[in-house]
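Chemist: Here's a structure for you.
The values are calculated or read from the model by the stated rules, or taken from the named source; none is laboratory data. Worth saying up front: this structure is predicted, and the values here are computed from it rather than measured. Positions of Cβ are generated from backbone atoms using ideal geometry, with glycine treated the same way; all protein chains shown enter the neighbour counts.
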Amino acid sequence: MNGKTTIAALVMTLMTAGAYAADKACVELKTSGETESEVVENGQKVKRLVPVGKAVPGDQIVWTITATNVCKTPTDNVVIANPVPQHMTYVANSAMGTGTDIAYSLDGKEFKSAAELQVRAADGTTRAARADEYRVIRWTFKAAFAPGATAFVRYRATVQ
Amino acid sequence: MTIARHVKHVGLALLALTSLGVVQGAYANGTGSGTTISNQATVDYSVGGVSQAQITSAAASFVVDTKIDFTVTEVSGGATPTHPGQTNVVATFSVTNTGNSTQGWVLTVANETGTTLFTHVDDLDVTNLRTFVDSNGNGTYDAGTDTATNINSLTASTTTTGVSVTVFVLADVPAGATNNQYANVRLTARATPVGSTTPIAQTAGADTAGVDVVWADAGRDNSESAADQYAVSVALTLTKTAALISDPFNLTTNPKAIPGAVMEYTIVVTNSSTVQDATAVSVTDNIPANTTFQPGSIQLNGGGLPDSNFLAGPPARVVVNAGTVVKNNGTVNGTATVKFRVTID
């Protein structure tokens with residue numbers, strides 16, 4: 001393999017990537033809300049997620065965000081962000097996502113882990129942020145998505 | 001031009017503040033019935049090391065349904081005192097909307113049978129039970145002003161404690177009621193559509209696209225209640241005073257309590273009831289030790305009584321049938337006064 005071929009291959013790759021970006025999005029993103037419902041299956045009570053039924057203040061909603069790679073090339077640096085919806089409060093320790101680093105934000109700009117997130121009071125003192133103060137949740141996938149791969153992240157929030 | 005632009009900006013700033021206020025209000029209470037909650041996530045990613053345009057998911061949304069939640073409480077925390085024959089005796093309750101929608105409430109009140117409240121067992125029924133809603137929010141029943149018998153409309157809670165309205169229960173106490181009888185009554189409230197007296201139904205079956213109704217009150221039955229008690233007393237009080245009349249040496253001038261001195265006891269029976277005379281009132285007082293009853297000294301309301309009202313005992317005592325002690329005539333209480341004298345041994 002000589003130097004020319006390598007450069008040509010690199011240019012090809014870059015062009016291919018550029019072409020995908022121009023044509024269509026490589027990731028399909030879907031948000032869905034569900035509630036947990038206790039049902040009886042085979043004589044045993046089990047909890048199942050069902051589409052949001054009657055929802056009143058105090059009820060918990062399970063939000064699931066699913067990302068799928070719909071291209072023929074891998075996607076990397078996949079980062080999902082979801083602002084906690086208006087009229088809802090994030091439920092402490094409910095965010096999960098296999099193979100992700102989870103960070104939270106109070107303002108949508110600065111993201112930190114739950115342990116590091118601080119609130120500064122008017123008098124200059126700081127304290128750990130409460131879960132009900134989180135406004136945005138962010139999941140950073142550690143690995144690339146192979147073509148056709150799907151992953152989901154999930155959290156709970158309470159209707160205020 | 002510049003001025004006009006500034007004005008426009010001020011207007012926008014005001015608008016922003018107003019909507020902020022609304023949001024904060026919404027945080028304090030339950031999210032209002034009919035509010036749509038919508039959620040959209042975003043994803044950032046790279047392909048071949050090149051960042052791609054951010055993608056936003058389609059919105060997932062649902063409508064907040066109507067949460068029927070409320071409480072009924074008895075206000076005073078104790079029995080309502082009353083007298084035999086008293087009419088329009090007011091017991092005070094409070095109905096609180098802790099749900100997320102404006103509703104009406106239909107009110108019913110009934111006698112209880114044999115229940116225990118405030119450590120006393122119900123053994124009397126009151127009559128002519130009625131409910132009235134406090135229309136001017138002063139917490140006091142105003143005849144002719146507080147005329148609504150059901151709660152027409154009570155707004156959704158704006159605080160975590162909810163929005164309350166005072167409800168008065170009025171009752172008449174039978175003339176034949178006796179001292180220390182107790183009548184327990186229970187006020188029941190059921191949420192209705194605003195202005196209606198038909199309890200609101202819960203949406204059966206699965207969630208609908210519209211705003212559904214969920215009963216979230218205790219027991220989830222759209223029925224809350226509280227009890228109060230009418231406690232009957234005949235409103236008689238007794239006072240007793242003693243006065244030295246004479247002694248064997250000073251006679252009636254600055255008499256001292258020495259052997260042979262004469263002491264006069266005065267017993268006053270007071271009826272503070274505004275509705276009922278006390279009948280067959282009997283006053284009994286034992287003669288104190290180391291004293292001797294003075295014959296011919298018994299008086300009732302200033303008139304002399306025979307010595308047959310003194311019983312040698314033991315215990316030696318004066319028993320006077322004071323007959324009827326009339327009720328308070330609107331300004332002064334009715335009284336009966338019994339006097340008798342003893343000598344110090």
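Chemist: Kindly indicate whether any position in region A:133-151 is more than 12 Å from chain B (Cβ to nearest Cβ) and free of Cβ contacts under 8 Å to residues at least 24 places away in the same chain.
Modeler: Taking every residue of region A:133-151 in turn, none turns out to be more than 12 Å from chain B (Cβ to nearest Cβ) and free of Cβ contacts under 8 Å to residues at least 24 places away in the same chain.
Chemist: Name the residue, out of B:Val47, B:Val109, that is without any contact (Cβ under 8 Å) to a residue 60 or more places away in the chain and crowded, with 17+ Cβ neighbours inside 10 Å.
Modeler: B:Val47
Chemist: Filter region B:225-279 down to the residues that are surrounded by 18 or more Cβ atoms within 10 Å (Cβ to Cβ) and of a type in the set (D, E, K, R) and list them by number.
Modeler: B:Asp228, B:Asp247
Chemist: Condition first: more than 7 Å from every other protein chain (Cβ to nearest Cβ), touching a Phe, Trp or Tyr at 6+ places or on another chain (Cβ under 7 Å) and not hydrophobic (A, V, I, L, M, F, W, C). Now tell me which residues in region A:37-96 satisfy that.
Modeler: Matches in region A:37-96: A:Thr64, A:Thr66, A:Asn69, A:Pro74, A:Tyr90, A:Ser94.
Okay, residues lined up against (1) in a strand (DSSP E or B); (2) in contact with a helix residue (DSSP H, G or I) (Cβ under 9 Å, 6 or more places away or on another chain):
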residue	(1), (2)
B:Ala175	no, no
B:Ala183	yes, no
B:Ala191	yes, no
B:Ser196	no, no
B:Gln202	no, yes
B:Ala206	no, no
B:Gly219	no, no
B:Ala227	yes, no
B:Val234	no, no
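Chemist: Within region A:36-64, can you find the residues that are touching a Leu at 6+ places or on another chain (Cβ under 7 Å) and surrounded by 15 or more Cβ atoms within 10 Å (Cβ to Cβ)?
Modeler: Scanning region A:36-64 gives a single hit, A:Val62.
Chemist: State whether the residues of region B:171-186 include one that is surrounded by fewer than 16 Cβ atoms within 10 Å (Cβ to Cβ) and among the small types (Gly, Ala, Ser).
Modeler: Pass one, region B:171-186, residues surrounded by fewer than 16 Cβ atoms within 10 Å (Cβ to Cβ): B:175-176, B:178-180.
With the extra rule that they be among the small types (Gly, Ala, Ser), the set shrinks to B:175-176.
The answer is yes; a qualifying residue exists.
Chemist: Give region B:102-124 a look and list any residue that's assigned to a loop (DSSP other than H, G, I, E, B) and of a type outside the set (Ser, Thr, Tyr), or say none. Give the steps one after another, and end with the answer.
Modeler: Initially, region B:102-124 is screened for residues assigned to a loop (DSSP other than H, G, I, E, B), giving B:102, B:112-115, B:118-119, B:122-124.
Across region B:102-124, the qualifying residues are B:Glu112, B:Gly114, B:Phe118, B:Asp122, B:Asp123, B:Leu124.
Matching residues to (1) outside any loop (DSSP other than H, G, I, E, B); (2) touching a strand residue (DSSP E or B) at 6+ places or on another chain (Cβ under 7 Å); (3) aliphatic (A, V, I, L, M); (4) surrounded by fewer than 18 Cβ atoms within 10 Å (Cβ to Cβ):
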residue: A:Gly108; (1), (2), (3), (4): no, yes, no, yes
residue: A:Ala115; (1), (2), (3), (4): no, no, yes, yes
residue: A:Gly124; (1), (2), (3), (4): no, no, no, yes
residue: A:Arg127; (1), (2), (3), (4): yes, yes, no, yes
residue: A:Arg138; (1), (2), (3), (4): yes, yes, no, no
residue: A:Ala151; (1), (2), (3), (4): yes, yes, yes, no
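Chemist: Here is a follow-up. Hey, any hits in region B:89-101 for a residue that's in a loop (DSSP other than H, G, I, E, B), surrounded by fewer than 21 Cβ atoms within 10 Å (Cβ to Cβ) and either at pLDDT 90 or above or out of contact with any strand residue (DSSP E or B) (no Cβ under 8 Å at 6 or more places or on another chain) (or both)?
Modeler: No, region B:89-101 has no match at all.
Chemist: Also: Given (1) at pLDDT below 90; (2) more than 19 Å from B:Ser101 (Cβ to Cβ); (3) surrounded by fewer than 21 Cβ atoms within 10 Å (Cβ to Cβ), where does B:Val23 come up short, assuming only one miss?
Modeler: Unmet for B:Val23, out of (1) at pLDDT below 90; (2) more than 19 Å from B:Ser101 (Cβ to Cβ); (3) surrounded by fewer than 21 Cβ atoms within 10 Å (Cβ to Cβ): (2).
Chemist: Considering region B:318-345 alone, what residues qualify as being part of a strand (DSSP E or B) and either over 23 Å from B:Asp247 (Cα atoms) or free of Cβ contacts under 8 Å to residues at least 24 places away in the same chain (or both)?
Modeler: If we filter region B:318-345 for residues that are part of a strand (DSSP E or B), which is where we start, we get B:318-325, B:334-344.
Result: B:Val319, B:Val320, B:Asn321, B:Ala322, B:Gly323, B:Thr324, B:Val325, B:Gly334, B:Thr335, B:Ala336, B:Thr337.
Chemist: OK, next. Only one of (1) outside any loop (DSSP other than H, G, I, E, B); (2) surrounded by 21 or more Cβ atoms within 10 Å (Cβ to Cβ) is not met by B:Thr73, so which one is it?
Modeler: Exception for B:Thr73: condition (2).
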